[in-house]
Amino acid sequence: MNNLFNRLLAYYHINENDYRLLTMDITEDNFAEGHSFKDMDNCVRVVKEAIANNKKIFIYGDYDADGIMSISILVKMFKMLNYPVSYHVPNRYTDGYGLNLQRSQEIVANGYDLLITVDNGITAFEGIDYAKNNGLQVLVFDHHQPGDTLPNCDYILHPSVSDFGETATSAGFVTFMFAKSILGQFDYYLATLASISLVSDMMPLVSYNRNLLRLIIKSYRDHPSKSIDLLKENEEFNAVTIGMRIAPKINAIGRLIDNDSLLSRTVEFFTSEDQDTLLNYNEWINQINSERKELTKEAVENSKDIDVEAPAIVGIIAQKEGIIGLIANNFVKKYHKPTIIFALDQSGELYKGSARSPEGLNIVDTFAQLSEYLEAYGGHAMAGGCSLKKENYEAFKKAFIAIAKETKVAKKTVETIPLYINEITFENYDLIESFSPFGECWPAPSFSLPRIRVASLMYSRDGQHILTSIGNSSRLTGFYFSKENLSQYQFVDMVGTLRLSTYFSKTTIEFLINEINETK
């Protein structure tokens, strides 16, 4: 038995039988075996009756990747049913999150009969009440944390409210399951959009989430799509590519664009089959994503006055509110503290905040405790958003920091698996990959290479990076670990990950170094 295999089992706290279940063949029929949504049949009936009676249908979503995937799944589904529908991608700057009263009034005024909210709605009481009181049927497909009261809608599809399962999942997954039910078939493109939503919304990659993602990654080459190919560029379709390349591009649009007609381009991009439209919109998406990177970099560099020593980081930035989540995320990764970053909204009267937290402090519960200061709030345990009046900012900041001070935040420790130079092989890389996809609740393994002789290392010409061939088409790669700094040690321990690197058609397996410590 491969020794590394046993170490991997121990790392993931599973046995050989668990591993067999983890790597069993996933099919269209068994990826969510044993799980079903209460009221799925009722939701399907409502939509089928609406189609049969030629009723006007409106879809209201969200501006993040999960929301865009959810709207796109429904729009594409209705195209497959050859039935026209309307939809709205909310404008972060004017609509905010969720169905608001004004948009609900417009939907009613325009004569719609059925309203379907996706990736929102579970707390949209005012908007949904107005729609219901004016004769509309309302379906809510959501996954956000419900309150004690549920909206006054006809039916809800929600992982916990609808008794689907214990594992949190994305709105895109919920919406895909509905599309699968109404179409009576498993559509690979719709499932691909759902799999993107799982990674983009950082859903736990266990159970049915993991199964669907595994199935789509494995089958993507047999079921490719032009829109996804354009977004992923030359990368393989996998969890890393979704998280690092695809999702940030989709999210960039909702973060920066303040124009309703331009926002709808994202859904057009995922539902159109016109090649020119896809190429033009892809170029536009890349352009906006580049702008997002620049603005984020600028905001981080100019946030020097934010106090990072307090038990929680609370601050205001001058940039667009669309990037405050990125800034908050940046601070949490760097300082490992609950963080909320605010920006002034377009009215000039409210601060919009985006919060992130390590395990230990529940964001949405904290917002509930501080609701007296807030105009609106929502989100998950580790991420959320809120808005407050300018005059309430200081009181909220003080109270938020006080709660953080009394809360024990889990310390982030990186567990590693011992690895040896002769184990850096393609065979072992394939073994490690058999445990994938990696993501939330199922991290990619980190490895430790013990007692590496510093004198044996080779470097780039400028001496700033480790580039050491170790035979068998394998090498050690470490960026910004200079020869000058390492020369003080005789032996070092390295922490890193394995990856494949292809250069001029030659594929090498690399140990990518993340950390170097002197051997004790």
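The values are calculated or read from the model by the stated rules, or taken from the named source; none is laboratory data. The shown structure was predicted, so the numbers you read here are calculated from the model rather than taken from an experiment. Methodologically, a virtual Cβ is constructed for each residue, glycine included, from the backbone with ideal geometry; neighbour enumeration extends over all protein chains shown. Protein only, heavy atoms only, side chains kept; ligands, DNA and RNA dropped before computing areas. Shrake-Rupley method; radii C 1.70, N 1.55, O 1.52, S 1.80 Å.
Looking at F504, is it open to solvent by 80 Å² or more (accessible area, probe 1.4 Å) and over 17 Å from G463 (Cα atoms)? Give the steps one after another, and end with the answer.
Working: open to solvent by 80 Å² or more (accessible area, probe 1.4 Å): yes; over 17 Å from G463 (Cα atoms): yes.
Yes, satisfied.
Between E484, E510, E427, which is part of a helix (DSSP H, G or I) and under 21 Å from E236 (Cβ atoms)? Even if it seems obvious, please write down each step before you answer.
Values: E484 fails: under 21 Å from E236 (Cβ atoms); E510 fails: part of a helix (DSSP H, G or I).
Going through E484, E510, E427 in turn, just one is part of a helix (DSSP H, G or I) and under 21 Å from E236 (Cβ atoms): E427.
For I417, all conditions in the list (1) surrounded by fewer than 21 Cβ atoms within 10 Å (Cβ to Cβ); (2) touching a helix residue (DSSP H, G or I) at 6+ places or on another chain (Cβ under 6 Å); (3) under 29 Å from S160 (Cα atoms) hold save one; what is the number of the exception?
I417 satisfies all of (1) surrounded by fewer than 21 Cβ atoms within 10 Å (Cβ to Cβ); (2) touching a helix residue (DSSP H, G or I) at 6+ places or on another chain (Cβ under 6 Å); (3) under 29 Å from S160 (Cα atoms) except (3).
Is there a residue in the stretch 116-134 that is within 30 Å of P248 (Cα to Cα) and free of Cβ contacts under 8 Å to residues at least 12 places away in the same chain?
no
Just to be sure I understand the filter: pairs with C-beta atoms under 6 Å, separated by 6 or more residues or on different chains, first member in the stretch 395-417 and under 27 Å from Y351 (Cα atoms), second member of a type in the set (S, T, Y) and surrounded by 13 or more Cβ atoms within 10 Å (Cβ to Cβ). Which pairs pass?
That search, which allows pairs on different chains as well, returns A395/Y373; F396/Y373; I403/T366.
I'd like to know if the stretch 459-476 contains one or more residues that are outside any strand (DSSP E or B) and under 27 Å from T413 (Cβ atoms).
Within the stretch 459-476, the subset outside any strand (DSSP E or B) is 460-465, 472-473.
This time we only want the ones that are under 27 Å from T413 (Cβ atoms), so: none.
No; the residues of the stretch 459-476 include none that is outside any strand (DSSP E or B) and under 27 Å from T413 (Cβ atoms).
Rundown of residues vs (1) in a loop (DSSP other than H, G, I, E, B); (2) without any contact (Cβ under 8 Å) to a residue 12 or more places away in the chain; (3) under 20 Å from A168 (Cα atoms), yes/no style:
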{"site": "N17", "(1), (2), (3)": "no, yes, no"}
{"site": "D25", "(1), (2), (3)": "yes, yes, no"}
{"site": "H35", "(1), (2), (3)": "yes, no, yes"}
{"site": "N42", "(1), (2), (3)": "no, no, no"}
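Report every pair of residues separated by at least 6 positions or lying on different chains whose Cβ atoms are under 7 Å apart, first residue within the stretch 346-367 and more than 14 Å from I324 (Cβ to Cβ), second among the small types (G, A, S) and in a helix (DSSP H, G or I).
Once the first residue is more than 14 Å from I324 (Cβ to Cβ) and sits in the stretch 346-367, its partners that are among the small types (G, A, S) and in a helix (DSSP H, G or I) give L361/A404.
Which helices (runs of 4 or more DSSP H) sit wholly inside the stretch 219-312 and have at least 3 residues that are more than 18 Å from the chain's Cα centre (by Cα) and of a type in the set (S, T, N, Q)?
On the way: elements: 226-232, 247-256, 260-263, 265-271, 275-301.
The qualifying helices (runs of 4 or more DSSP H) are 275-301.
Report whether or not F447 is modelled with pLDDT of 95 or more and closer than 30 Å to S197 by Cα.
On the way: modelled with pLDDT of 95 or more: yes; closer than 30 Å to S197 by Cα: yes.
Yes; evaluated as a whole, the condition is true for this residue.
Just one of I196, I217 is modelled with pLDDT of 95 or more and over 21 Å from G61 (Cβ atoms); which is it?
Values: I196 fails: over 21 Å from G61 (Cβ atoms).
After ruling out the rest, the residue left standing is I217.
I want to confirm something. Restricting to the stretch 184-193 and keeping residues that are of a type outside the set (D, E) and under 11 Å from K76 (Cα atoms), which single residue is surrounded by the most Cβ atoms within 10 Å (Cβ to Cβ)? Spell out the reasoning first.
First pass over the stretch 184-193, keeping only residues of a type outside the set (D, E): 184-186, 188-193.
Applying the additional criterion that residues be under 11 Å from K76 (Cα atoms) yields 189-190, 193.
Values: Y189: 19, L190: 23, L193: 28.
Looking at residues that are of a type outside the set (D, E) and under 11 Å from K76 (Cα atoms), I get L193.
Out of the stretch 423-438, which residues are closer than 20 Å to V495 by Cβ and either in contact (Cβ under 8 Å) with a residue 40 or more places away in the chain or touching a Phe, Trp or Tyr at 6+ places or on another chain (Cβ under 8 Å) (or both)?
E423, I424, T425, N428, Y429, L431, I432, F435, S436, F438
Can you find a residue that is modelled with pLDDT of 95 or more, more than 30 Å from N2 (Cα to Cα) and more than 21 Å from the chain's Cα centre (by Cα) anywhere in the stretch 424-443?
No: the stretch 424-443 contains no residue that is modelled with pLDDT of 95 or more, more than 30 Å from N2 (Cα to Cα) and more than 21 Å from the chain's Cα centre (by Cα).
Does F447 count as under 30 Å from S207 (Cα atoms) and either in contact with a Phe, Trp or Tyr (Cβ under 9 Å, 6 or more places away or on another chain) or in contact (Cβ under 8 Å) with a residue 40 or more places away in the chain (or both)?
Working: under 30 Å from S207 (Cα atoms): yes; either in contact with a Phe, Trp or Tyr (Cβ under 9 Å, 6 or more places away or on another chain) or in contact (Cβ under 8 Å) with a residue 40 or more places away in the chain (or both): yes.
So F447 fits the description; yes.
Working carefully through the options V314, V267, V308, find the one that is touching a Phe, Trp or Tyr at 6+ places or on another chain (Cβ under 7 Å), farther than 23 Å from F78 by Cβ and open to solvent by less than 20 Å² (accessible area, probe 1.4 Å).
Matching residue, one of V314, V267, V308: V314.
Can you pull out the residues in the stretch 65-82 that are open to solvent by 20 Å² or more (accessible area, probe 1.4 Å) and either in contact with a Phe, Trp or Tyr (Cβ under 8 Å, 6 or more places away or on another chain) or modelled with pLDDT under 95 (or both)? Before the answer, list the steps.
Initial filter on the stretch 65-82 (open to solvent by 20 Å² or more (accessible area, probe 1.4 Å)): 76, 79-82.
Within the stretch 65-82, K76 is the sole residue that qualifies.
Is one or more of the residues making up the stretch 409-421 in a strand (DSSP E or B) and of a type in the set (A, V, I, L, M, F, W, C)?
Looking only at the stretch 409-421, we keep the residues that are in a strand (DSSP E or B), and these are 416-418.
If we keep only those that are of a type in the set (A, V, I, L, M, F, W, C) as well, we get 417.
Yes, that holds for at least one residue.
Is it true that Y87 is open to solvent by 10 Å² or more (accessible area, probe 1.4 Å) and in a strand (DSSP E or B)? Don't jump to the end; show me each part of the working.
Details: open to solvent by 10 Å² or more (accessible area, probe 1.4 Å): yes; in a strand (DSSP E or B): yes.
The answer is yes for Y87.
Any residue at all in the stretch 267-279 that is of a type in the set (S, T, Y), touching a helix residue (DSSP H, G or I) at 6+ places or on another chain (Cβ under 6 Å) and under 24 Å from S195 (Cα atoms)? Can you show your working first?
Step one: filter the stretch 267-279 for residues of a type in the set (S, T, Y), giving 271-272, 277.
With the extra rule that they be touching a helix residue (DSSP H, G or I) at 6+ places or on another chain (Cβ under 6 Å), the set shrinks to 271.
From what is left, the residues that are under 24 Å from S195 (Cα atoms) are 271.
Yes, the stretch 267-279 has at least one match.
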